[in-house]
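To start, the structure under review is shown below, and the notes come after it.
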Amino acid sequence: MLAVMGLSFAAVWLGSIDKSDAASIAAALAFGLCIFVFLYRFKRFKGLGFEGELWEQEMEKASEIRRSLRDLAEQASENIYWDLGPGSRVGGKSPNELFSIVKRTDQNLESIGIERQKIDELKRPWHKCVMRDLAYPIVERIGVAAQNRRKNIEAEMEAIGNPVPAEKLPEFEALARERPKIAEVVKELDKLIWRDDYETVPNRLRNAIKGSDWLVADEQQEILLDMAEEFNDIDGYAANRTIRRPQQLGL
């Protein structure tokens with residue numbers, strides 16, 4: 001920069017004393033040296049002409065545009081995953097179509113630099129729905145056990161007789177209180193598998209079965225054994241977001 005300034009002053013001084021040739025040379029050297037001083041800012045330059053691109057500034061603008069594009073893609077993907085997840089429950093697209101769109105959306109987000117972890121965060125509404133679909137057969141199996149228990153309760157109440165003997169009244173009232181609770185069991189289990197924190201569904205279902213006060217130990221064990229593959233399905237999805245048996249979702 002000092003050399004550029006010196007040559008510039010020399011060009012002016014030489015011009016003032018009518019040494020035009022020397023002044024032109026000094027000016028040309030100053031301009032050429034100035035280009036080399038700021039060369040890192042240019043992608044290319046041509047001779048001593050004024051053709052150049054401010055490469056660093058262009059890259060900053062490109063980075064800013066890329067950041068804006070990523071932000072826009074994240075916002076759009078939230079709506080996409082919501083529409084394909086909870087929004088799709090009103091029908092319209094087949095499972096194969098939905099999973100194909102999700103796969104392409106994942107690829108597009110990755111292509112513009114969005115990390116896999118961030119994509120999975122954006123996909124939570126979608127994961128929530130897939131987990132619910134994988135876990136629903138377990139709820140249905142528990143529902144069968146609940147219906148059987150309800151039938152047993154009604155059979156026990158009928159066996160007590162009508163009118164109810166005084167000595168059997170406490171037993172009859174206990175059965176009467178238990179009967180409506182069975183209907184609530186399935187309703188609560190359905191809520192249990194429809195969760196934003198979908199990763200917790202497998203353990204919550206296991207705890208609901210093992211902690212049940214209307215299933216005896218043998219029945220609990222029977223359900224867990226019958227649903228072993230289904231539990232493996234939801235365990236795998238909670239851990240890796242992968243589907244072990246695509247046929248379970250109609251794929």
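Here are the numbers for the structure shown:
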quantity	calculated
Residue list for the range 201-236, filter: at pLDDT below 95 and of a type in the set (Phe, Trp, Tyr)	Trp214
Any hit, the range 185-201, residues being free of Cβ contacts under 8 Å to residues at least 60 places away in the same chain, at negative phi and part of a loop (DSSP other than H, G, I, E, B)	yes
The range 70-89, subset among the polar types (S, T, N, Q) and modelled with pLDDT under 75, residue nearest to Arg104 (Cα to Cα)	Asn79
Residue check for Ala239: closer than 16 Å to Val186 by Cα, modelled with pLDDT under 95, open to solvent by less than 80 Å² (accessible area, probe 1.4 Å) and within 31 Å of the chain's Cα centre (by Cα)	no
The one condition in (1) open to solvent by 50 Å² or more (accessible area, probe 1.4 Å); (2) under 46 Å from the mean Cα position of the chain (by Cα); (3) farther than 30 Å from Gly236 by Cβ that Glu140 fails to fulfil	(3)
Matching option when the condition is at pLDDT 90 or above, touching a helix residue (DSSP H, G or I) at 6+ places or on another chain (Cβ under 6 Å), farther than 19 Å from Ile209 by Cβ and of a type in the set (A, V, I, L, M, F, W, C), among Trp126, Trp194	Trp126
Selection within the range 209-227 - exposed (fewer than 10 other Cβ atoms within 10 Å of the Cβ) and small (Gly, Ala, Ser)	Gly211, Ala217
The range 107-124 residues that are within 20 Å of Leu84 (Cα to Cα) and open to solvent by less than 90 Å² (accessible area, probe 1.4 Å), paired with ones that are acidic (Asp, Glu) and not in a helix (DSSP H, G or I) (beta carbon under 7 Å, 6 or more apart)	Arg124/Asp196
Test: Asp233 is of a type in the set (Asp, Glu) and over 30 Å from Ile119 (Cβ atoms)	no
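The values are calculated or read from the model by the stated rules, or taken from the named source; none is laboratory data. Treat the numbers as computed from the prediction; the structure is a model and nothing was measured. Heads up, the Cβs are rebuilt from the backbone with ideal geometry, glycines too, and the neighbour counts pull from every protein chain shown. We work out accessible area using only protein heavy atoms, side chains counted, and drop any ligands, DNA or RNA first. Shrake-Rupley method; radii C 1.70, N 1.55, O 1.52, S 1.80 Å.
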